[in-house]
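A.B. asks: Take a look at this one; I'll ask things after.
Just so you know, all these numbers are worked out from the coordinates, no wet-lab data involved. Model, not experiment: these values are computed from the prediction. Methodologically, a virtual Cβ is constructed for each residue, glycine included, from the backbone with ideal geometry; neighbour enumeration extends over all protein chains shown.
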Amino acid sequence: MKEFEKWFPFSKSNDYQKAVLIFCFHHAGGSAAAYRKWTERNNEKVAFIPVELPGKGCRMNEQYNYDMDSVSALAAEAISEFAGHRKYILYGHSMGSAIAFKTAYEIEQKYENNPLALIVSGRHSPCVHLSDRYSTDMDDSELIKELKRMGGTPKEILENRAVLEMLLPFVKNDYKLNESFSYNGNKINIPIITYSGSMDKDATIDMADEWQNVTTKKIEKHECYGNHFFIFDLGDLYIDIIIKKVASIAQNSKNVIKYRRKNEEEIFTFI
């Protein structure tokens with residue numbers, strides 16, 4: 001396995017050579033496995049590539065990284081290596097939306113093959129500061145309340161104290177990572193497509209307007225039925241929505257690949 005491939009536990013870099021790749025960043029408390037079902041829909045045109053962060057899931061033996069700037073920089077490097085000259089899109093849900101945004105910015109600053117678009121769900125714009133109900137300086141009982149309020153955690157786990165005691169430290173790590181996020185006024189230069197749950201009060205479709213302030217391109221807003229975790233509750237219906245959107249983006253865009261000859265003359269190739 002190549003070093004960068006540890007970021008993508010369910011994919012190999014030589015897979016899906018002609019497909020548009022969709023790199024998926026998970027929510028707080030999740031892992032790359034949250035998108036495992038999505039990979040069952042991979043084909044020669046579209047392929048979901050779940051991203052595994054250090055210290056999570058298949059990389060649990062590694063040191064957890066609590067700094068989002070650092071995580072995003074490392075993810076940008078890995079994605080650049082994995083994607084090569086292929087077309088790709090970044091996707092993030094909740095905390096993953098923030099990581100995907102920062103990763104997109106890092107890629108644009110440092111690497112040649114930029115993503116076609118950023119797709120986000122369940123998250124307010126990076127330029128908006130919202131005070132969280134839970135912070136990691138609170139005790140575990142408050143974290144459990146937050147998990148119950150947000151949904152997405154099976155009732156059987158929430159009612160099993162032994163299992164909770166084992167899982168909560170990993171969830172709290174993600175909340176610490178999320179707390180490290182800071183916005184410095186940076187803008188990305190790709191379109192942003194937003195999806196909101198109709199019952200998610202923390203990331204409404206009206207709040208999605210603020211994403212326009214962090215990109216020089218246009219945004220699209222969409223609303224789906226459900227709460228914060230509508231992207232999983234809707235199952236194949238939502239996966240179909242994303243696949244169709246990605247196909248549309250790829251069809252209507254030209255991906256500009258920039259590289260240099262030995263004489264440093266810039267050459268642009270459209271694919």
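A.B. asks: How much mean residue ellipticity at 222 nm does the chain get from its helices, if each DSSP H run of length 4 or more adds -39500 (n - 2.57) and you divide by all residues, to the nearest 500 deg cm²/dmol?
C.D. replies: Theoretical 222 nm ellipticity from helices: -10000 deg cm²/dmol.
A.B. asks: Oh, and also: Taking N as the number of residues in the chain, what value does Rg over Cα atoms divided by 2.2 N^0.38 Å take?
C.D. replies: Normalised by 2.2 N^0.38 Å, the Cα Rg of the chain equals 0.99.
A.B. asks: Could you tell me which of GLY152, ASN114, VAL71 has its Cα farthest along the dipole of the chain towards the positive end, charges placed at Cβ (Lys, Arg +1; Asp, Glu -1), taken about the Cα centre?
C.D. replies: Going by the charge dipole, the pick is ASN114.
A.B. asks: Step through the table entries LYS2/LYS217; LYS102/LYS148; LYS155/LYS245; LYS218/LYS245; LYS56/LYS201; LYS12/LYS45, compare each Cα-Cα distance with 26 Å, and write down the pairs that go over it.
C.D. replies: The answer is LYS2/LYS217; LYS102/LYS148; LYS155/LYS245; LYS56/LYS201.
A.B. asks: For the range 73-113, list log₁₀ I(q)/I(0) at each q in 0.18, 0.32, 0.33 Å⁻¹, using the Debye formula over Cα point scatterers of equal strength and ignoring solvent, two decimals each.
C.D. replies: -0.44, -1.18, -1.22
A.B. asks: Going by the alpha-carbon gyration tensor, a ≥ b ≥ c the square roots of its eigenvalues, is the range 123-164 rounded (a/c under 1.5) or, if a/c is not under 1.5, prolate (a/b greater than b/c) versus oblate?
C.D. replies: It is oblate, given that a/c is not under 1.5 and a/b is not larger than b/c.
A.B. asks: What full-extension length gain, to one decimal in nm, is calculated for TYR225 and ASP132 as 0.36 nm per residue of separation minus the Cα-Cα distance?
C.D. replies: The TYR225-ASP132 span can extend by a further 31.1 nm.
A.B. asks: Is there a quick way to get the dipole size of the chain? I mean about its Cα centre, with the Cβ of Lys and Arg at +1 and of Asp and Glu at -1; what is the value in debye to the nearest 20?
C.D. replies: The calculated dipole for the chain is roughly 920 debye.
A.B. asks: Ranked from highest to lowest mean number of other Cβ atoms within 10 Å per residue, what is the order of the peptides 56-64, 171-179?
C.D. replies: 171-179, 56-64
A.B. asks: Could you compute the net charge surrounding SER121? Neighbours are other residues with a C-beta less than 13 Å from the C-beta of SER121; K and R count +1, D and E count -1.
C.D. replies: Value of the local net charge: -2.
A.B. asks: Rank ALA19, VAL51, ALA34 by how far each Cα sits towards the positive end of the charge dipole of the range 4-102 (+1 on Lys, Arg Cβ; -1 on Asp, Glu Cβ) and give me just the farthest.
C.D. replies: ALA19
A.B. asks: Non-local amide H neighbours of VAL20 (under 5 Å, H modeled in plane, Pro and chain starts lacking H): which ones?
C.D. replies: VAL46, ALA47
A.B. asks: If you put +1 on each Lys and Arg Cβ and -1 on each Asp and Glu Cβ, how big is the dipole of the range 1-73 around its Cα centre, in Debye rounded to 20?
C.D. replies: 320 debye
A.B. asks: Related question: I need the shape label for the range 8-114. Rule: rounded when a/c is under 1.5, else prolate if a/b > b/c, else oblate, with a, b, c from the alpha carbon gyration tensor.
C.D. replies: Oblate.
A.B. asks: Quick one: which residues, 5 or more positions from ALA28 or on another chain, have an amide H under 5 Å from its amide H? H modelled 1.01 Å from N in the peptide plane, none for Pro or chain starts.
C.D. replies: MET95, GLY96
A.B. asks: What share of the DSSP beta bridges in the chain is antiparallel, in percent to the nearest 5?
C.D. replies: 15 percent
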